[in-house]
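Here's the structure, in structure tokens; my notes come after.
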Amino acid sequence: MRTVDLSQTSLRKLNAALHRLKPTTNETHWRVLNPRGRHAIAVGVDAPITVEIDGHVGYYCAGMNKEATIVVNGNAGQGVAENMMSGRVHVKGDASQAAGATGCGGLLVVEGNASARCGISMKGIDIVVKGSVGHLSAFMAQAGNLVVLGDAGEALGDSIYEARLFVRGSVGSLGADCIEKPIEDHHKAELARLLEAAGINGTVDPGSFRRYGSARKLYHFHFDNVGSY
Amino acid sequence: MCGIVGLFLKDRALEPELGALLARMLGTLCDRGPDSAGFAVYGAAVPGSIKLTIRGPLTHDYAGVVHRLQAGGPALSYAVRDTHLILTVPAERETAVRRDIAAMPELTVVGSGRRMEIFKEVGRPDRVAERFGLDTMAGTHAVGHTRMATESAVTTDGAHPFSTGADQCLVHNGSLSNHNALRRELIRKGLSFQTENDTEVAAGYMSWRMQQGDSLEQTLNSSLGALDGFYTFVVGTESGFGVLRDPIACKPAVMAETDRWVAFGTEYRALVDLPGIDAAHVWEPVPAKAYLWERH
């Protein structure tokens, strides 16, 4: 295991070392000490490794992640796992705004709460938040799944495309063109898979969630609206 | 951008270190607001007296100013910190002293109160803090600001904190969109403003609410309806410390609390040197919710 202490080594050196790793690297387990809220820690990793960060991180941690498993033993600032392509990002504490924003793939797990705009413009990422999410979560969400075990704030799924939203608690309000939809067996199977991937084994019933998605009236052209153009 | 820091002490043993702790917090946020900085520190009160914080040119002869203000009467105690003069005035002489200061156009009263002292200048925040000797200041709570100007010019007058009432100060990250209309309304109610700055209007609004008898909590809650725009505010009063974010939570904010202190930072980075931070409860304040701490 490689240990990098950010009170001794610069963040730039750490990220450069992570970027140099080949897919076949033997250095598959990294531990980062003293993050002290620094921004852009372990951004752009593209190798099947595990990076464990001991402490709170600043903005954009694990952004653009590909292949790697990145664990934050603390809270994450804005834009954690922003534009993630694949791999897994696990925040053991809370995440700030725009967690998983524009993510194209992979799994983001937040043990605590995620604040506003979680999953904004998500494009295929799966996000499981064990606490609650703030307002405007899944704004313009295009693809992927957002699973919230707690509550969602106001304007959930505003201007949503084809992402699927599952919320177990209350929803402050639904955003424009976001509606509740029936939860069918194949949704429950998908939910069970996501919950298991997030480390929740059988303790949460997939049937206890409600599903939300697009009414498809906003992004599809309707002839009835022709006079508006 | 802009950066805000705030520190409210619960443990009296930390009071001598208040300024040193705040200076480190402020210095970390230099890159969020490199053009100017300011801070307000709630120190010890002198019974029966008011502290006036007065700003003048760098080379000002403050000993001469104090001599003139004494006008042959009893001596006034004072301290000079760089461009600022802290003058301790017996309450009954405040009106006369303020009148005499008004006759000296090179001087501005930037704040007053039983406990609050307020300092602000143009320049890199860490250097501003050093010029005023922030690290030597003691007190119970303090707020600070690093500014990247958007709504008005980079001047000392435009730097935060803004103080529009005794022992009241406010720092702001964001920009307000209805400040001109609200300023006109408040002027009609008898308030006066020294700048064209949007934040001064928010401070004025809150001072007006408290003048009307509202508590700090009521004031923060009514601000949610009265102020339109982006804001994270940290507010200080003689005994209170408050935080408010706009309902959309446009501007970042992090808080931390231990049994010894409560701290606010625009970014968590600003809090990392506080004693016991590793074991602190760290959270993001919820939008449109007033957070308050009060010393009893």
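Values in this text are rule-based calculations from the coordinates and carry no lab data. What you are looking at is a predicted structure, and each value in this text was computed from that prediction instead of being measured. FYI the Cβ positions are ideal-geometry reconstructions off the backbone, even for glycines, and counts take in every protein chain you see.
In terms of overall dimensions, the C-alpha atoms belonging to chain B reach 55, 44, 36 Å along their principal axes, ordered largest to smallest. The charge dipole of the protein assembly as shown, taken about the Cα centre with unit charges on the Cβ atoms of Lys, Arg (+1) and Asp, Glu (-1), comes to about 380 debye, rounded to the nearest 20. Amide H contacts of residue B:50: B:89, B:91, each under 5 Å away and 5 or more positions distant or on a separate chain (H built 1.01 Å from N in the peptide plane; Pro and chain starts excluded).
Around the amide H of residue B:289, modelled in the peptide plane, lie the amide H atoms of B:245, all under 5 Å away and 5 or more residues distant in sequence or on another chain.
Computed over the alpha carbons of region B:123-200, Rg followed by Dmax gives 14.2, 41 Å.
From the largest down, region B:183-296 spans 49, 32, 23 angstrom on the principal axes of its Cα atoms. For region A:92-132 versus region B:188-225, the spacing of their alpha-carbon centroids is 37 Å. Counting neighbouring Cβ atoms within 10 Å and putting the fewest first, the residues B:80, A:89 line up as B:80, A:89. Averaged over the residues of B:282-290, the number of partner chain Cβ atoms lying within 10 Å of the residue Cβ comes to 4. Here is the P(r) of region A:18-63: all C-alpha pair distances, binned every 10 Å from 0, give 28, 53, 19, 0 in whole percents. Counted by Cβ distance under 14 Å from residue A:122, the other residues give a net charge of -1, where Lys and Arg count +1 and Asp and Glu count -1.
When chain B is modelled as a GNM with alpha-carbon springs shorter than 10 Å, which of B:195, B:53, B:146 fluctuates the most? Sorting by GNM fluctuation, first place goes to B:195. Report, to the nearest 10°, how far helix A:11-20 tilts away from the longest principal axis of the Cα atoms in chain A, using its own Cα long axis and a range of 0 to 90°. Approximately 80 degrees, to the nearest 10.
On the basis of the beta-carbon distance and an R0 of 30 Å, residue A:27 and residue A:197 show a calculated FRET efficiency of 0.75. Computed from label points 7 Å out along Cα-Cβ, the spacing between residue B:103 and residue B:46 is 2.2 nm. Shown in residue order for region A:170-183 are the 3J(HN,Hα) couplings computed by the Karplus curve 6.51 cos²θ - 1.76 cosθ + 1.60 at θ = phi - 60°: 8, 10, x, 6, 9, x, 4, 6, 9, 10, 7, 10, x, 9 Hz (x for Gly and Pro). For residue B:110, the amide hydrogen comes within under 5 Å of the amide hydrogens of B:53, B:54, B:55, counting only partners 5 or more places away or on other chains and with H modelled in the peptide plane. Once both axes come from the Cα atoms, what is the angle between helix A:185-197 and the longest principal axis of chain A, in degrees from 0 to 90, rounded to 10? Roughly 20 degrees, rounded to the nearest 10. Take the convex hull of the alpha carbons in the protein assembly as shown; its mean projected area over all directions comes to 29.0 nm².
If you take all other residues with their beta carbon under 15 Å from the beta carbon of residue B:117, and give Lys and Arg +1 and Asp and Glu -1, the sum is +1.
Taking the charge dipole of region B:18-80 about its Cα centre, with +1 at Lys and Arg Cβ atoms and -1 at Asp and Glu Cβ atoms, the residue from B:62, B:22, B:42 reaching farthest to the positive side is B:42. Shielding of peptide B:267-275 by partners, expressed as the average count of other chain Cβ atoms within 10 Å per residue Cβ, is 5. Principal axis extents of the Cα atoms in region B:95-249, from largest to smallest and rounded to whole angstrom, are 38, 36, 32. Largest mean-square fluctuation among B:133, B:64, B:174, in a Gaussian network model of chain B whose springs join Cα atoms under 10 Å apart, belongs to B:64. With 5 Å bins beginning at zero, the pair-distance distribution over Cα atoms of region A:139-229 amounts to 3, 14, 23, 21, 17, 10, 5, 3, 2, 1, 0 %. Distance from the Cα centroid of region A:184-208 to that of region B:103-154 is 55 Å (rounded to whole angstrom). According to the calculation over all Cα-Cα pairs in chain A, the P(r) per 10 Å bin from zero is 9, 34, 31, 17, 7, 2, 0 %. Taking label positions 7 Å along the Cα-Cβ direction at both residue B:91 and residue A:208, the computed distance is 5.8 nm, reported to one decimal.
Is it possible to state the helix-based mean residue ellipticity at 222 nm for chain B, with each DSSP H run of 4+ residues giving -39500 (n - 2.57), the sum divided by total residues, to the nearest 500 deg cm²/dmol? What is it? For chain B, the value works out to -7000 deg cm²/dmol. Between residue A:186 and residue B:136, the distance separating the two model label sites (each 7 Å from Cα on the Cα→Cβ line) works out to 7.5 nm. Mean-square fluctuations from a GNM of chain B, with a 10 angstrom spring cutoff on Cα atoms, peak among B:72, B:225, B:158 at B:72.
Computed from Cα positions, the angle between helix B:198-211 and the longest principal axis of chain B comes to roughly 80 degrees. Net charge near residue B:141: determine it from the other residues with C-beta under 15 Å of the C-beta of residue B:141, scoring Lys and Arg +1 and Asp and Glu -1. So the surrounding residues net to -2. Based on DSSP H segments of at least four residues, each scored -39500 (n - 2.57), chain A has a per-residue ellipticity at 222 nm of -3000 deg cm²/dmol.
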